[in-house]
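The values are calculated or read from the model by the stated rules, or taken from the named source; none is laboratory data. Given the structure is predicted, the values throughout are model-derived calculations rather than measurements. Glycine gets a Cβ as well: all are built from the backbone with ideal geometry, and neighbour counts include every protein chain shown. Only protein heavy atoms, including side chains, enter the accessible area calculation; ligands, DNA and RNA are left aside. Shrake-Rupley method; radii C 1.70, N 1.55, O 1.52, S 1.80 Å.
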Amino acid sequence: MLSIDSLHVTYGGAVQAVRGVSMEVPDGKVVAVLGSNGAGKSTLLRTISGTLRLHRGKVDAGSVRLGDLDLVGRDPGQIVRAGVVQVPEGRRIFGRLTVEENLRAGGMGNKDKAAKAKAQERVFEMFPVLKERSSQRGGLLSGGEQQMLAIGRALMASPKLLLLDEPSLGLAPRIIGQIGEVIAEINRQGTSVLLVEQNATMALGVADLAYVLDVGEVSLSGDARELAQTDEVQRLYLGHDGEQAPLRTSAVSGKKLSRWTA
Ligand SMILES: Nc1ncnc2c1ncn2[C@@H]1O[C@H](COP(=O)(O)OP(=O)(O)OP(=O)(O)O)[C@@H](O)[C@H]1O
Ligand SMILES: [Mg+2]
């Protein structure tokens with residue numbers, strides 16, 4: 001289990017991006033984190049993955065623990081070896097490398113050849129398109145395929161906990177639906193997932209538990225399905241204001257979360 005307790009994070013000693021957040025990701029679960037732009041979602045993931053320093057951020061107080069292991073202060077490589085792998089915002093695959101080379105880069109920290117071969121097989125099974133395109137440059141893939149490659153690359157490290165930062169960003173509703181199904185399948189195969197999303201419909205559809213971040217603080221948390229029924233989430237994140245018909249009722253839609261358009 002990942003446990004975050006009273007976490008405070010600042011950038012440049014001034015911007016308080018995360019202010020007293022406590023959160024849990026139980027083993028085997030999918031946990032969603034919703035929140036508007038600037039709520040601190042990416043900061044939270046960077047803190048967990050040890051990449052905060054690369055962004056000049058600093059943990060001021062609080063703890064992040066994976067089981068008995070304290071993750072604060074560890075470098076990103078150690079955290080990957082502990083089983084926590086992040087797919088950063090904006091995918092960032094290697095556009096000039098082939099699909100296969102991108103995947104190999106994800107498995108680099110893993111010395112066990114048999115485990116790596118198995119991980120690649122699992123990735124190709126989950127994403128047949130990556131197998132078909134394995135010798136093509138990553139940069140030539142569509143946005144959705146690049147997101148699949150970014151997720152596949154992370155799976156090459158055989159994570160216990162996968163951190164996803166807005167995987168639906170900029171993708172068409174149909175592709176967002178596929179991403180939701182992929183997350184559910186990854187979880188069924190035994191990986192816990194911490195999913196940061198602005199697409200509340202997709203996130204709450206796939207998550208067991210959810211947290212809402214509001215300017216660096218948790219404003220709501222609980223069972224994902226129950227949370228989806230609350231007035232605040234309906235109004236702010238699912239686009240239902242009680243006066244008009246629901247905008248979309250399908251399980252997964254392209255509706256973007258926003259505090260100002262609801
Ligand atoms: N490298 C940085 N240096 C200074 N301030 C930063 C940095 N990164 C983020 N911030 C600030 O920290 C706060 C939280 O940002 P963060 O990126 O974590 O939000 P977010 O919820 O991921 O937003 P988005 O939905 O736009 O991705 C914001 O006020 C942001 O401006
Ligand atoms: Mg972000």
What residues have an amide H closer than 5 Å to that of Glu166, excluding those fewer than 5 places away on the same chain, when H is modeled at 1.01 Å from N in the peptide plane? Val196, Glu197
With label points built 7 Å along Cα→Cβ from the Cα atoms of Lys58 and Ala105, find their separation and express it in nm. 3.1
At a threshold of 8 angstrom on Cα-Cα distance, excluding pairs fewer than six apart, so keeping six or more, what relative contact order does the chain reach in percent? 24
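Quick check: at a probe of 1.4 Å, how many percent of the accessible area of segment 180-233 sits on carbon and sulfur atoms? Walk me through the numbers before you get to the answer.
Details: 870 of 2030 Å².
It is 43 percent, rounded to a whole number.
Taking a probe of 1.4 Å, how large is the accessible area per residue of the chain, in Å²? If you can, show how the numbers build up before the last one.
Working: 12310 Å² over 262 residues.
Solvent-accessible surface per residue comes out at 47 Å².
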For the residue pair Ser3 and Gln136, what label-to-label distance in nm results when each label sits 7 Å from Cα along the Cα-to-beta-carbon direction? 4.7
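Anything in the chain that counts as a DSSP H helix reaching 30 Å or more along its axis (C-alpha) with Kyte-Doolittle mean of at least 1.6? List them, would you? Let's see the in-between values first.
On the way: long enough: none.
Qualifying helices, which must be both long enough and hydrophobic enough, do not occur.
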Determine the distance separating the Cα centre of segment 149-205 from the Cα centre of segment 44-106; give it in Å without decimals. 16
Sorted from largest down, give the three principal axis spans of the alpha carbons of segment 2-236, whole angstrom values. 45, 37, 29
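Can you tell me how much longer the chain between Arg174 and Arg96 gets when fully stretched, taken as 0.36 nm per residue apart minus their C-alpha distance, in nm with one decimal? Please report the intermediate quantities before stating the final value.
On the way: separation 78, 0.36 × 78 = 28.08 nm, distance 2.70 nm.
Extra length from Arg174 to Arg96 when fully extended: 25.4 nm.
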Mean 1/r over all different Cα pairs, inverted: what Kirkwood radius does segment 1-98 give, in Å? 14.2
What residue among Gly216, Gly152, Gly90 has the largest mean-square fluctuation in a Gaussian network model of the chain, using Cα springs under 10 Å? Gly90
Out of the DSSP beta bridges found with both residues in the chain, what percent are antiparallel (nearest 5)? 55
Go through Lys111/Lys131; Lys29/Lys118; Lys58/Lys118; Lys58/Lys116; Lys58/Lys131 and tell me which ones have a Cα-Cα distance over 30 Å in this structure. Lys58/Lys118; Lys58/Lys116; Lys58/Lys131
